[in-house]
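Have a look at the structure below, then the notes.
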Amino acid sequence: MTEAIQFGSRTINFRLEYSDRKSLGITVTPEMEVLVKAPVATSVEKVKEKIKKKAPWIIKQQSFFLSFLPKTPKRKYISGETYLYLGRQYRLLVQIREHESVKLRGKFIEVTAKEKSRAKSLLQDWYLQHATSKFHTIAAPIIDKFRKYKVAPGSIVLRNMPTRWGSCTPQGKIILNPELIKAPKGCIEYVIIHELCHLIHHDHTQKFIDLQTKEMKDWERWKMKLEKLLA
């Protein structure tokens, strides 16, 4: 069942499930949904009291996941638009010629295409190629650092994800959103470190936050930078 509480000016919606358990558990998902699992005999009023007590933590977790929500505006892939690459802005220049290519030249990303409708796919392929290369280069030394914890990802793969910058499977596969190639190197390192920490601590507990802080002291700065830059 779906319930809600009011915390100040904010409404916190949550999904309540009853099960054969002894204690009440609250989880905030990467989609910013609040899930509550409670013992069968627990009243809705008691659940709401618990939610109110945990409201600051819930809001903090939702804000935390908000930084993983890509917000890049829809593009038309025409000359004059601005595009990001590794945190820097470039102006798109589309030229119509027989030989197709994408190149960085000064403050421009030059796309040479046989026809205008090809500009989008050419630029997307260029981003994907650079993301594949750069992500593995950036991740390599970080993965080496995490070997002291006796963990290493089974693989790093790229996948378009509408609401996530990265994720980690139970089998240890790290998935990165290729859109990250538009962010500065520090932001990419932050997401990689975040997912590597999940190989040790699966939930966003205080131990997880402590480990992330140990491996990247200024992670909050890069989290905010990622949120603002691609907003």
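The values are calculated or read from the model by the stated rules, or taken from the named source; none is laboratory data. Only a predicted model underlies this, so the values are computations on that prediction, with no experimental measurement involved. Note: ideal-geometry Cβ built from the backbone for every residue, glycine included; neighbour counts use all protein chains shown. The area values use the complete protein model at the heavy-atom level, side chains included, leaving out ligands, DNA and RNA. Shrake-Rupley method; radii C 1.70, N 1.55, O 1.52, S 1.80 Å.
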What accessible surface, in Å², does a 1.4 Å probe find on GLU179, ignoring ligands, DNA and RNA and rounding to the nearest 10? 50
Sort out for me the Cα centre separation of the range 146-166 from the range 1-64, rounded to whole Å. 29
Helix 119-146 versus the longest principal axis of the chain: what angle, 0 to 90°, nearest 10, using Cα atoms? 60
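Per-residue ellipticity at 222 nm for the chain, helices alone: DSSP H runs ≥ 4 residues times -39500 (n - 2.57), over residue total, nearest 500 deg cm²/dmol? Present the calculation step by step, with values, prior to reporting the outcome.
Details: 5 runs with 85 residues, N = 231.
So the helix-based figure for the chain works out to -12500 deg cm²/dmol.
In the range 86-148, which trypsin sites (Lys or Arg not before Pro) are in a loop and have at most 11 other Cβ atoms within 10 Å, using DSSP for the loop call? Please list the in-between numbers first.
Values: sites: ARG88, ARG91, ARG97, LYS103, ARG105, LYS107, LYS114, LYS116, ARG118, LYS120, LYS134, LYS145, ARG147, LYS148; in loops: ARG97, LYS107, LYS114.
Answer by residue number: ARG97, LYS107.
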What does the charge dipole of the range 102-175 about its Cα centre add up to, to the nearest 20 debye, if the Cβ of each Lys and Arg holds +1 and the Cβ of each Asp and Glu holds -1? 100
For a quick check of your reading of the filter: which GluC sites (Glu not before Pro) in the range 100-170 sit in a DSSP loop and have no more than 11 other Cβ atoms within 10 Å? GLU115
Where the chain is the region considered: accessible area per residue in Å², 1.4 Å probe: 58
Which one is right for this structure if Rg and Dmax of the Cα atoms in Å is calculated from it: (1) 18.7, 59; (2) 21.4, 72; (3) 16.5, 55? (2)
Hey, which lysines would be in cross-link range of LYS217, C-alpha to C-alpha under 25 Å, not counting anything within fewer than 8 residues on its own chain? LYS60, LYS134, LYS145, LYS148, LYS150, LYS173, LYS182, LYS185, LYS207, LYS225, LYS228
Accessible surface of MET1 in the full protein assembly, 1.4 angstrom probe, to the nearest 10 Å²? 110
Between ILE143 and LEU24, the FRET efficiency computed from the C-beta separation at R0 = 45 Å comes out, to the nearest 0.05, as 0.75
